[in-house]
Amino acid sequence: MTVVLNEKENGVTNIFASTSVEIGTVDPELLVGGILGTLAYFVVGVAVLATGFLVLDLMTPGNLRHQVYVDKNPNAAILLASNHLALAIIVVTAILTSSDGFAQGLADSAVYGLFAIVLQAIALRLMSAFLPGKLVALVQDPKMCGAAWAVGVSLLSIGLVNAAALT
């Protein structure tokens, strides 16, 4: 933008005597490519979260979706929410640290996301094996339990470590 000060017109100072604004151009191909890239990464992220839900559902007794959304079981909701949040952090980190190449970046994000699901499942199994009680079975208890919070925070913490370990 160019502004000329002190230009007098009929004895009056006109500070807007010469104003031009460079707006620039928009590259539609770049814009469409960005939108398609966003959709592709979004699909990968949602697919990882959905797969993570299915794996957690297989690892817990009963129908997890029914327990959370129909029975409104707080323990099941804590485990589901913690696992989803952990996986989301891992997927976001995988996307942000993925290759600059589009195809390789998508592959990085998908592979790291799926590997994160495996690591989260192993962590849950190890917690079930080494901690007292049947941690995975607590999802069926309709009364909120402190163990659900402990397992949930542990899953989230493991997810954070997993995300930080991505290279």
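The values are calculated or read from the model by the stated rules, or taken from the named source; none is laboratory data. Computed from a predicted structure; not experimentally measured. Cβ placement follows ideal geometry from the backbone for every residue including glycine, while neighbour counts extend to all protein chains displayed. Protein only, heavy atoms only, side chains kept; ligands, DNA and RNA dropped before computing areas. Shrake-Rupley method; radii C 1.70, N 1.55, O 1.52, S 1.80 Å.
Restricting attention to the range 92-106, and to residues there that are out of contact with any Phe, Trp or Tyr (no Cβ under 8 Å at 6 or more places or on another chain), within 21 Å of V161 (Cα to Cα) and among the hydrophobic types (A, V, I, L, M, F, W, C), which single residue is least open to solvent (accessible area, probe 1.4 Å)?
Among them, the one singled out is V92.
Which one of the conditions (1) surrounded by fewer than 17 Cβ atoms within 10 Å (Cβ to Cβ); (2) under 11 Å from the mean Cα position of the chain (by Cα) does V70 fail to meet, given that it meets all the rest?
The one condition V70 does not meet is (2).
Return the residues of the range 111-120 that are within 16 Å of V43 (Cα to Cα) and surrounded by fewer than 20 Cβ atoms within 10 Å (Cβ to Cβ); say none if nothing qualifies.
Residues satisfying the conditions are V111, L114.
Right, A164: free of Cβ contacts under 8 Å to residues at least 40 places away in the same chain and in a helix (DSSP H, G or I) or not?
Answer is no for this residue.
Report the residue count in the range 94-112 for those that are hydroxyl-bearing (S, T, Y), assigned to a helix (DSSP H, G or I) and within 18 Å of L36 (Cβ to Cβ).
1
Condition first: assigned to a helix (DSSP H, G or I), of a type in the set (D, E, K, R) and either surrounded by 14 or more Cβ atoms within 10 Å (Cβ to Cβ) or under 15 Å from the mean Cα position of the chain (by Cα) (or both). Can you find one or more residues in the range 41-62 that meet it?
For the range 41-62, residues assigned to a helix (DSSP H, G or I), of a type in the set (D, E, K, R) and either surrounded by 14 or more Cβ atoms within 10 Å (Cβ to Cβ) or under 15 Å from the mean Cα position of the chain (by Cα) (or both): present.
Please specify each residue of the range 124-156 satisfying the condition of being open to solvent by less than 90 Å² (accessible area, probe 1.4 Å) and in contact with a Gly (Cβ under 8 Å, 6 or more places away or on another chain).
Answer for the range 124-156, where residues must be open to solvent by less than 90 Å² (accessible area, probe 1.4 Å) and in contact with a Gly (Cβ under 8 Å, 6 or more places away or on another chain): V139, A147.
When residues of the range 119-135 are filtered for being without any contact (Cβ under 8 Å) to a residue 12 or more places away in the chain and part of a helix (DSSP H, G or I), how many remain?
Qualifying residue count for the region: 5.
Conditions (1) farther than 27 Å from S128 by Cβ; (2) modelled with pLDDT of 90 or more, marked per residue:
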site: T13; (1), (2): yes, no
site: G24; (1), (2): yes, no
site: G45; (1), (2): yes, yes
site: F53; (1), (2): no, yes
site: A86; (1), (2): no, yes
site: T97; (1), (2): yes, no
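Of the residues that make up the range 73-84, is at least one assigned to a helix (DSSP H, G or I), open to solvent by 20 Å² or more (accessible area, probe 1.4 Å), among the aliphatic types (A, V, I, L, M) and at pLDDT 90 or above?
yes
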